[in-house]
Protein chains: 2
Amino acid sequence: MFRTHTCGALRLSDVGKEVVLSGWVQRIRDKGTLLWIDLRDRYGITQLFLETGLSDQKVIDKARALGREYVIRVEGTVVERESKNPNIPTGEIEIRVTQIEQLNASKTPPFTIEDNTDGGDELRMKYRYLDLRRNSLKNNIMLRHKLAMQTRYYLDSQGFLEIETPYLIKSTPEGARDFVVPSRMNPGEFYALPQSPQQYKQILMVSGFDKYFQIVRCFRDEDLRADRQPEFTQIDCEMSYISQEDILNTFEGMTRHLFNKIKGITFDTFERMDWHTAMKFYGSDKPDLRFGMAFVELNDLAKGKGLGIFDEAELIIGIKAENCAEYTRKQLDALTDFVKRPQIGAKGLVYVKYNTDGTIKSSVDKFYSPEDLKLWTDRFGAKPGDLLLILSGNTDAVRKQMNELRLEMGNQLGLRDPNVFKPLWVVDFPLLEWDKETKRYYAMHHPFTSPKPEDIALLETNPENVRANAYDLVINGVEIGGGSIRIHDRELQRKMFSLLGFSDQEAQNQFGFLMDAFEYGAPPHGGIALGFDRLVAMFGGQDSIRDFIAFPKNNAGRDMMADSPSTIATAQLDELQIALKATKKE
Amino acid sequence: MFRTHTCGALRLSDVGKEVVLSGWVQRIRDKGTLLWIDLRDRYGITQLFLETGLSDQKVIDKARALGREYVIRVEGTVVERESKNPNIPTGEIEIRVTQIEQLNASKTPPFTIEDNTDGGDELRMKYRYLDLRRNSLKNNIMLRHKLAMQTRYYLDSQGFLEIETPYLIKSTPEGARDFVVPSRMNPGEFYALPQSPQQYKQILMVSGFDKYFQIVRCFRDEDLRADRQPEFTQIDCEMSYISQEDILNTFEGMTRHLFNKIKGITFDTFERMDWHTAMKFYGSDKPDLRFGMAFVELNDLAKGKGLGIFDEAELIIGIKAENCAEYTRKQLDALTDFVKRPQIGAKGLVYVKYNTDGTIKSSVDKFYSPEDLKLWTDRFGAKPGDLLLILSGNTDAVRKQMNELRLEMGNQLGLRDPNVFKPLWVVDFPLLEWDKETKRYYAMHHPFTSPKPEDIALLETNPENVRANAYDLVINGVEIGGGSIRIHDRELQRKMFSLLGFSDQEAQNQFGFLMDAFEYGAPPHGGIALGFDRLVAMFGGQDSIRDFIAFPKNNAGRDMMADSPSTIATAQLDELQIALKATKKE
């Protein structure tokens, strides 16, 4: 038997017991006559103890031959520690060792297996199996398991069925960013890996499974941004005979359940905000509501006083940073530099300091009298000591810039506490986006997203004003999920396709079997998909998803541990009836 | 609101309630002044009722315009039925309809949505979304969900963590039957889809996650036998610091839990049988123990009497079919034809009838006296009325043939009741198989499977006699799962590789990062993988897995509904830097 207890189990009440433990050698302290070993497994650390004279010399010699990360099995007696360690649950006891068996040796690990390791990112990715021994990663993976279990508990309790959809699906002509898989049995033909089970889950609604979910892997072959993975996991859901309200309530319920079970946090009803409001006051369709600083518009107050940059601007907006009037020139310059960075692109930053002595000082004093500026501070509801930060320009651009500045100020002022959670439904997204280059409308969500019934008439006259039955779940400024009520009416679907410039044939090519299925009695339905990696990272209080995935890939889509992707044998290519193209000289 | 109740919910106690239901029109019966509609959803069927004079004529007209599989929403009152239907839970009530809203029309389905449909296999695969509306398929998919949930409940309760492993993994030179995925970001390089997460789960053991599981999709690009799928689902598990006994107990516990929760069946301890016994008495490593008919060996009694076929045979074995002495010549000829079929390959069949009057009649009376044959029936423990069926030949071949005959007799005699379950652990598999063609040993399980410690010495002298710490879970003659204790000792691993003819370099190529990981303290570990599709089919009382998968592929690996795989655009091939080979003329 390898163990009677785990390394996290023993307490003062176990003193006197004969036990067997197995695990990894975390640390050895050899004080000559006394020798301690910290033994580690998934459950914790237990201190082992040997003493010259008291312990068998052969066992002591075995202990001295051990190294870090050796795998051992020990027998011994639980005794009370003389100097207790209050920082670990087993800190009151240690094991007086009578037997040691070395189960396996270990090379010296290339970095320390500690909470604060000395290993760099690259090294830890290559030796992922060692990195996963560290508490932080181990806890992330355990958190992921818990979240998946609780998600399933909840949805099962609500009558949802988890139904597995295929991973080898149909490749469509428009399937850019599809990973494809050559079929040996059908030479010259390919499967695709799903970017999402969207069509299959809608098919399941046509089949009558009115509450579907799946925690499912999805794939996207795109140039990876900082925190994207070519394969990622989604909580994918769809319901029939429901309205948008039913979906919001169901998944609000699920989210509350998760926060309650995992973090012991309860919420009042989630806030809701329509898309236009979110853009107007936060410049983002995923506002972080852990702090205020909603945008204040100043066009009427700021224009017409001779300041060119304002007079020419489509929109002038500001945010109020409370108690920041004491910001130094250096701090203000740094903020100006921040908004002028190319990825943000503002031309400059105007500030107004409402000093604690009641005076007002701004970077545009030449153009505005103290009385003018008082009107500004009044509109912000500012009090002495506050700082106003103001940007101007084209509406869409300036809102995006101000969003970045607002988030930066939130960071600087410590207003984005990872232990505070502010969930929000953003609703009433526009149905369509106009693309200036191709001069046509695109579906903002996808072509099956239904318009709000009261806006259908606008499809003919003002398509850009049509609101969709689409919604996003946003927590702390992160888009956790999104979905929509789908179109199930064929007449409306035809109208949508024609607005989007799809011919019947194109619609058939791209959405083939789903279009066919819709001929046989599609029920009203809608759904949502939540990014599971993102959700776990949020519960773990971190921004990056990478350390919440056991075996992630790097930004080039490579698995550093397995050294994948890799070349394959010519024989295998032959069997698949494909060939590599000669790579162009560069 | 689309519904206040589902179509399976209403009972006599609901009479008088105003309700709203939505669903599909299963059937319309129009008797002139009376009109009934069966309304169906996932939960059941509810009868709707309209009557001229009593119901609004406009509503009646709407009802008359409906067709099969139309989607409707109705309002009405629950009333007690005059003629009750005891076969369905809602059979005591019907809905007196006051409003009908047609939510969607439907073309006439190409086959009937009934338990016994008129649709052929091909048609039903093409219109899978309609086939899934049928009770039998719907119930299979719901059963699958329940089994997956209960599997997770159980393993979670035992401290297992579900950990997701990558689907885009490393392609290995020896990875025949791998599906591969060209990488756009790494031109000329490929990922592979996993045939199983074997290496990753062993890595997780090295990482210290001592109890891992995953319900996971696996992929194999092989010519499909009758009941294989290119993608299939596995319950994949691995444990550290355990012996074979721990694994058997854990997964016996899981299997009991599933049978208990899903079917209300409890078991005594599962039977165990070593591989040699299974082969000797059942001619199969997955014997169906729902019935007896263990093989009886007759070499000593049957040889030396002048019957050439027996005298030349390596092995003479028989089975006893109780109460079958009355089998007619025609029945016996049919059995002879059965064993002579090319896929079975016996030369003939010898029978011995132990008649109810005590006389013995055989097909080899010319060679054996009644006294000779009495010795045979005694060895079988036969009683008057029993029939012995005897085959002879090369040991391995005749056992395989007799296995087929035994199963056939089990079928004919109704001894293989799909509602009876006989789980069995087959243990002590041989570690190695000798391949006559390539004249080398192959690992019967895989090269990391550990030999039994007491057999290690035989590795040098008698490799074919070494037994492995490998085990299969067999239920009713079906292999539900299998696994092994892995080698974690590097010296032993090196010996195994050398026996299998792997050079160090080859081992490194094929098992790369796992070999590396093993340098850093691999714990003793082992695992098991259960075929989930097969398990669900067994719980559903069926042999074929296809109808327990929502969207299966056919024997050519094609998805008939989606018409996949398919060709992809040249532009996409270009981006992946691959080209199709001109197909050879045939």
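Brief remarks follow.
- Unit charges at the beta carbon, dipole of the protein assembly as shown: most positive-side option, B:375, A:149, A:549: A:149
- Its Cα gyration tensor gives region B:348-402 an equivalent ellipsoid, and the semi-axes of that ellipsoid, as √(5λ) in whole Å with the largest first, are 21, 12, 10.
- Relative to the Cα centre, the charge distribution of region B:324-372, modelled as +1 at Lys and Arg Cβ and -1 at Asp and Glu Cβ, gives a dipole magnitude of about 320 debye.
- Global form of region A:183-258, assessed from the alpha-carbon gyration tensor, a/c cut-off 1.5: oblate
- Long pairs among A:452/B:126; B:201/B:452; A:138/A:553; B:263/B:320; B:126/B:146; B:146/B:211, criterion Cα-Cα beyond 24 Å: A:452/B:126; B:263/B:320; B:126/B:146
- Across the identical copies, how the residue A:495 labels are spaced - nm, sorted shortest first, 7 Å along Cα→Cβ: 7.8
- Copy-to-copy label separations for residue A:157, where each label sits 7 Å from Cα toward Cβ, in nm and ascending: 1.6
- Normalised by the number of residues in region B:12-104, the mean separation of alpha-carbon contacts (under 8 Å, six or more apart) gives a relative contact order of 34 percent.
- Convex hull (Cα only) mean projected area of region A:379-508, reported in nm² to one decimal: 11.6 nm²
- Taking all Cα-Cα distances within region A:460-516, those exceeding 15 Å account for 62%.
- Cβ-placed point charges (K, R +1; D, E -1), dipole of the protein assembly as shown about Cα centre in debye, nearest 20: 200 debye
- Calculated FRET value between residue A:395 and residue A:489, using beta carbons and R₀ = 30 Å, to 0.05: 0.30
- Distance between modelled label sites at residue B:108 and residue B:383, nm, 7 Å Cα→Cβ extension: 6.0 nm
- Per residue accessible area of region A:473-582, 1.4 Å probe, in Å²: 33 Å²
- 0 to 90° range, to nearest 10: angle between helix B:490-499 axis and chain B longest Cα axis: 80 degrees
- Partner lysines for residue B:286 [C-alpha distance under 16 Å; skip if fewer than 8 residues away on the same chain]: B:400, B:422
- Charge-dipole axis of region A:291-412 as Lys and Arg at +1 and Asp and Glu at -1 on Cβ define it, positive-most pick from A:321, A:355, A:331: A:331
- Applying the Karplus relation 6.51 cos²θ - 1.76 cosθ + 1.60 with θ = phi - 60° to region B:104-111 yields 3J(HN,Hα) values of 6, 8, 9, 4, 5, x, x, 8 Hz, where x marks Gly and Pro.
- Accessible surface calculations at 1.4 Å, restricted to protein heavy atoms, place region A:12-104 at 47 Å² per residue.
- Heavy-atom accessible area buried between chains B and A is around 11300 Å² (1.4 Å probe, both sides summed).
- Taking only the Cα atoms of the protein assembly as shown, the ratio Rg/Rh comes out at 1.02, with Rh defined as the Kirkwood radius.
- Check: region B:510-586 dipole with +1 on Lys, Arg Cβ and -1 on Asp, Glu Cβ, in debye: 320 debye
- In sequence order, calculated HN-Hα J values of region A:474-481 (Karplus, 6.51, -1.76, 1.60; Hz; x Gly/Pro): 10, 10, 6, x, 10, 6, 8, x
- Spacing of the two label points (7 Å from each Cα toward its C-beta) at residue A:81 and residue A:177, in nm: 5.1 nm
- Rh by Kirkwood over Cα pairs, then Stokes-Einstein D for chain A at 1.567 mPa s and 4 °C, µm²/s: 45 µm²/s
- The rule of thumb for compact globular proteins, 2.2 N^0.38 Å, goes into the C-alpha radius of gyration of region B:237-351 1.52 times.
- Debye intensity ratio in log₁₀ form over the Cα atoms of region A:291-412, taken at each q of 0.17, 0.19, 0.21 Å⁻¹: -0.79, -1.02, -1.28
- Going from the chain on its own to the full set of protein chains, region A:538-558 has these residues losing 50 Å² or more of accessible surface (heavy atoms, 1.4 Å probe, no ligands, DNA or RNA): A:551.
- Principal axis dimensions, largest first and in whole angstrom, of region A:39-100 by Cα: 32, 25, 15
- Rounded to the nearest 500, the 222 nm mean residue ellipticity of chain B from helices alone is -8000 deg cm²/dmol, with -39,500 (n - 2.57) taken per DSSP H run of at least 4 residues.
- For chain B, the fraction of 1.4 Å probe accessible surface lying on carbon and sulfur atoms is 47 percent.
- Mean separation of Cα contacts under 8 Å, 6 or more apart, over the residue count of chain A: relative contact order %: 13 percent
- Long-range Cα-Cα pairs in region B:1-90 (distance over 23 Å), rounded percent: 16 percent
- Note on region A:12-104: lysine pairs with Cα distance below 20 Å, sequence gap of 8 or more or different chains, count 4.
- Vicinal HN-Hα couplings computed from phi for region B:504-511 (Karplus, 6.51 cos²θ - 1.76 cosθ + 1.60; Hz; Gly/Pro x): 4, 5, 5, 4, 5, 4, 7, 10
- Options B:394, B:444, B:470, ranked by Cα towards positive dipole end of region B:358-470, top entry (Cβ charges): B:394
- Aspartates and glutamates with Cα under 17 Å of residue B:170, excluding same-chain neighbours fewer than 8 positions away: A:221, A:231, A:559, A:563, B:178, B:189, B:221, B:506, B:516
- Under the simplified labelling scheme, the residue A:34-residue B:500 pair shows an inter-label distance of 4.8 nm, with each label point 7 Å from Cα along Cα→Cβ.
- Using alpha carbons only: equivalent-ellipsoid semi-axes of region A:65-129, gyration tensor based, whole Å: 29, 18, 8
The values are calculated or read from the model by the stated rules, or taken from the named source; none is laboratory data. Everything numeric in this text was worked out from a predicted model, so none of it was measured. Heads up, the Cβs are rebuilt from the backbone with ideal geometry, glycines too, and the neighbour counts pull from every protein chain shown. These area figures cover heavy atoms from the full protein model, side chains too; ligands, DNA and RNA do not enter into them. Shrake-Rupley method; radii C 1.70, N 1.55, O 1.52, S 1.80 Å.
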